[in-house]
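Read-outs throughout are calculated quantities, based only on the coordinates presented, and are distinct from any laboratory measurement. This structure is a prediction, so every number in the text was calculated from the model and none was measured. All Cβ positions, glycine included, derive from the backbone under ideal geometry; neighbour counts span all protein chains shown.
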Amino acid sequence: MDDLAVSKPYQDEIKAKQIWAQNFFPSLVDVEPVVALDFLHSIPKKAVISKLTVAAKWGGLIRGSPVRLPPEDGERIRDMLIESEESQIEYPLTEKVSVRPSKAKLARLEYGTPIEFKGLRHGPLNEQGVVYLFALVARDLGFTVEAVGTPFPDCEAKRRIDKKGERWQRVRIEFEYESGHFTEHDHNIEGCDIIVCWKHDWPSCPVEVIELSTTIKKLGARFLNEAD
């Protein structure tokens, strides 16, 4: 074990200085495993620490400094490993490991208006839901989407302006849950051609508004909370 605990100095002094400057405790040791144990037969750390002379100084890691592993402790660990391999002592997991759910996971999900429309069971509750719903109906409304992103405006698309689909026009689209949120976000109205929303609550809006809650009814959506 003495031979295994000794390594030659670094040949590259520049590299050595860089490593030591980072407050690491490096050592170069060429070793061959004394014994390899699988998970079931691996000795628990607690069973090893109590039998070492450095137990009082144990901090979870043994490095060249400040805690050095005496040769007798190395021999003791080697003997314990060999004994465990020969006797096939099993150390099953006895401590229950539990992960406490985060507050986000504990929060109950909320759902929008019950609907039946192209596999969607509920109406949107936020802007992300509006984006998804627009993707479902874009082709029906005569749009082809070129790009969607987070910078204003949210979407660049082309809109069919003739029945045959021979003429198209570039449009800039901003998604909002309610159209009135556009003003709350301090967007420049001149940078947007269409606002796509779930609820239209901005009667004086100077640009075109597509209210999806109304539009999808024309496309066959059923609102289950409304009487037929």
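Using θ = phi - 60° and the Karplus curve 6.51 cos²θ - 1.76 cosθ + 1.60, what whole-Hz ³J(HN,Hα) does each residue of the stretch 169-179 get, with Gly and Pro shown as x?
Listing the rounded values in order: 10, 6, 9, 10, 10, 10, 8, 9, 5, 10, 4 Hz.
Check W168: other-chain or 5+ apart residues with amide H under 5 Å from its amide H, H built from backbone geometry?
Under 5 Å from the amide H of W168: I161.
Using per-residue counts of other Cβ atoms within 10 Å, averaged over each peptide, order 168-180, 70-82 from highest down.
On the way: 168-180: 18.5, 70-82: 14.5.
Packing order, densest peptide first, comes out as 168-180, 70-82.
Percent of alpha carbon pairs in the stretch 130-216 separated by more than 22 Å? Don't jump to the answer; show the numbers that get you there.
Working: 781 of 3741 pairs.
When all Cα pairs of the stretch 130-216 are counted, 21 percent exceed 22 Å.
Quick one: what does P(r) look like for the stretch 111-181 with 10 Å bins over all Cα pairs, in whole %?
All Cα pairs considered, the percentages come to 18, 45, 30, 6, 0.
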